[in-house]
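Notes to accompany the following structure.
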Amino acid sequence: MTYARRDSPLHAARAAVAAAYCLALATAAFVVQNPIVVAVIVAVTLAAGAAAGVLPELLRAGRLGLALGVLIALVNPFVVSEGLTVIARLDPLPLHDITFESVVYGLVLGLRAVAIVLACALGTLCVDPDEVLGLLRRRSLRSALTAALATRMVPVLRRDASRFADAQRCIPGGSTSRFAVVRAVAGGALDRAIDVAATLEVRGYGSGRGARGVAPPWSRHDLAFAASAVGLAVLVVALGETVDFDAYPTIEMTSGGSGLWALCAAFALVALAPFADRRGIAR
């Protein structure tokens, strides 16, 4: 699952705006606990993936989220002892009773995990990592590239650590100090990464849109998705005040009546409206 430029409005938006849009979807799944709203977030994220042309890849990532959600749903009843409605007693085992409330809340937590994984996967598939690196580069010249390279040099670092440890053991009367080895390996890794980063910068690595310090003007897609992200944040606050869900000690959910469905419809409309304008999306 990697980024590939496609002809879609979300891919055409700048990285900061596209990332904010996906972050708004993930934040909504984090904040809202009502299962109806979380299910709407999952559906909206899948619809956004279909509109962006990444639905097959998003569904593959969703299988990982589904596995995580099932695991959470299965584990929660055994680790949470709250709830008043006992549905199973495990007297011979050193475990507490399983309650209906813990089972339901485990399912809700699993659904939220699926929504969060889908939103993060949408960001991975639709946000240009080179542009994200360019955003970080404006704050610190080589820090982002240096950190990325340092983490990719694990085999080299292991060989360095082995050589440093052997060198220490060869010192007459010296003892092997793990702290000294780690310090030497970390310093060498950063020095090597800085050199490689400087070499790549000289060769023009990441010199795409906006990398020369001149920010391109905001396009219609930038404005649309930025407004959508702000609108989603506002709707999440409204949903949090309108609907309520409590699993313990008993399940209580205020449906909010027609207001809940109106807010869910508004959430879907605000999230998917930027995909309607497909002008200027060609690669």
Hey, what's the per residue convex hull volume over the C-alpha atoms of region 74-126, in cubic angstrom? 69
For the pair ILE194/LEU135, report the inter-label distance in nm, with labels modelled 7 Å from Cα in the Cβ direction. 2.7
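Which value, in Å³ per residue, describes the convex hull spanned by the Cα atoms of region 1-63?
Values: hull volume 5.4 nm³, N = 63.
It is 86 Å³ per residue.
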Just to verify a number: FRET efficiency for ASP277 and ARG5, C-beta to C-beta distance, R0 = 22 Å, to 0.05? 0.75
Tell me which residues come under 5 Å, amide H to amide H, from ARG14 once H is placed; ignore anything under 5 positions away on its chain. ASP222
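Calculate the FRET efficiency for ASP97 and ILE251 from the Cβ-Cβ distance with a Förster distance of 22 Å, rounded to the nearest 0.05. Could the numbers behind the result be given before it?
Numbers: r = 17 Å, r/R0 = 0.75.
Efficiency computed from Cβ-Cβ geometry: 0.85.
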Amide proton proximity set for ILE87, modelled H, under 5 Å, gap of 5+: ILE98, THR99, PHE100
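The numbers here are math on the coordinates, done by the rules we state, and not lab data. Given the structure is predicted, the values throughout are model-derived calculations rather than measurements. Glycine also receives a Cβ, built like all others from the backbone with ideal geometry; neighbour counts cover every protein chain displayed.
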